[in-house]
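Below: one structure, written as structure tokens.
Bear in mind these aren't lab numbers, they're just calculated from the coordinates by the rules spelled out. Quantities reported herein were computed from a predicted structural model and do not represent experimental measurements. Cβ: placed from backbone, ideal geometry, glycine included. Neighbour counts: every protein chain shown.
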């Protein structure tokens, strides 16, 4: 469950194990009480509990992460979840899956760089947010596809007609200059 949880990537393996146990505990309680997850314990609080990992009610109170009512209601479950996580053998601890960036050919990276420089300069001149002119994803797509003519540029699904009309010539010039 921790993979889609915001902030989980900064936790170490033991913290991830604690977070996983806490998430499962909260899910079970929410289902039993027929309440949304955030009504049980907030995500931010779960993340802090996974970092601090209080192993008894006294330590849980001292963290001041939860209020007295939450501790009375869920304290024993939290301590039990943390204890389970602390008992997981080191070799069985979860690891956060890191995505490796795809290898980009040097020429494509150079195109991206030049297109971004152009886009940022245009945005400054026009006094608009750079993403209005061209998003990073769009720049990458253009750099990979490298349309050589206005007609091939206008056939790109990602580009809007107004972008081709307003900026097409600049984009083609950059692509033809960089190679």
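Highest mean packing first, where packing is the average number of other Cβ atoms within 10 Å per residue, the peptides 58-70, 164-176 line up as 164-176, 58-70. A straight chain from residue 58 to residue 176 at 0.36 nm per residue would run longer than the Cα-Cα distance by 35.7 nm. Counted residue by residue at 0.36 nm each, then reduced by the alpha carbon distance between them, the extension gain from residue 158 to residue 44 reaches 37.4 nm.
Kindly identify the range 106-178 as rounded, prolate or oblate by the Cα gyration tensor criterion: order the square roots of the eigenvalues as a ≥ b ≥ c, call it rounded if a/c is under 1.5, otherwise compare a/b with b/c, prolate if a/b is larger, else oblate. Present the calculation step by step, with values, prior to reporting the outcome.
Details: a/c = 1.56, a/b = 1.15, b/c = 1.36.
Oblate shape, in that a/c is at least 1.5 and b/c is the bigger or equal ratio.
The relative contact order of the chain comes to 20 percent, based on Cα pairs under 8 Å that sit 6 or more residues apart.
Mind ordering 120-130, 73-83 by average Cβ neighbours within 10 Å, highest first?
Working: 120-130: 11.9, 73-83: 18.5.
Result, highest mean first: 73-83, 120-130.
Maximal additional length on extending the residue 33-residue 125 stretch stands at 27.5 nm, based on 0.36 nm per residue less the C-alpha distance. Computed from Cα positions, the angle between helix 68-86 and the longest principal axis of the chain comes to roughly 80 degrees. Scoring 145-154, 47-56 by mean Cβ neighbours within 10 Å over their residues and listing the highest first yields 47-56, 145-154.
Taking the C-alpha atoms only, the angle from helix 43-52 to the longest principal axis of the chain is near 70 degrees. Between 0 and 90 degrees, the angle of helix 136-145 with respect to the longest Cα principal axis of the chain falls at about 50 degrees. From the coordinates of this entry, Kirkwood radius over Cα pairs in Å is computed, and it appears in [x] 17.3; [y] 20.2; [z] 19.1 under the label [y].
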